[in-house]
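The structure under discussion appears below in the form of structure tokens.
Throughout, read-outs are computed from the coordinates displayed, never taken from laboratory work. This one's a predicted model, so the numbers in the text were calculated from it and none came from an experiment. Note that we place each Cβ from the backbone using ideal geometry, even for glycine, and neighbour counts take in every protein chain shown.
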Amino acid sequence: MVARQLFARLNVNPLNQTFPKAERLASKKIIKELFDKGSSLYLYPFRLLYFFADDSVHLPQVLFTVPKRHFKKAVVRNRIKRRLREAYRLQKSSLFLHSEKKIPAYIGILYIAKEENSFEMIEKKLILALKRLS
């Protein structure tokens, strides 16, 4: 289903730049399925996992992860996740609105860099990754 039809069907304003709880992926069952059966896409500093569902009638649910192995302090991991969520929130409507392909139902964004990057760099790379995905 084309993104515009999805927004119309859900009666959602695509210019609304929010990231509500309904768009966050929290189901352990779906997360396990995403890691086991999902397709993968690499674009440094990200690895994107995505999974198409048959009954996808909602905006994609998204999961953000930052490895504890590379970032020992929770403060740093949380800062990176905040930057990822903010970059996604600002760009999701414009990217999915212009998509002509089917939108994945579940997306996992894994931060694979070993150093902390600025918000500008994260946003630029996330835009490229999401364009490649859609």
* Provide the gained length on full extension for the span R82 to S39, in nm with one decimal, where the gain is 0.36 nm per separating residue minus the Cα-Cα distance. => 13.0 nm
* Asked: Taking K and R as +1 and D and E as -1, what net charge do the other residues with C-beta under 11 Å from the C-beta of K73 add up to?
  -> +3
* Considering the dipole of the range 71-134 built from charges on the beta carbon (Lys and Arg +1, Asp and Glu -1) around the Cα centre, which of M121, L133, A105 is farthest to its positive end? -> A105
* Asked: In this model, which of K28/K131; K68/K125; K72/K101; K37/K68; K32/K73; K68/K102 are farther than 31 Å apart at the alpha-carbon?
  -> K72/K101; K68/K102
* Structure fact -> Checking rank on 71-79, 117-125, 83-91, 103-111, with mean other Cβ inside 10 Å and highest first, the result is 103-111, 83-91, 117-125, 71-79
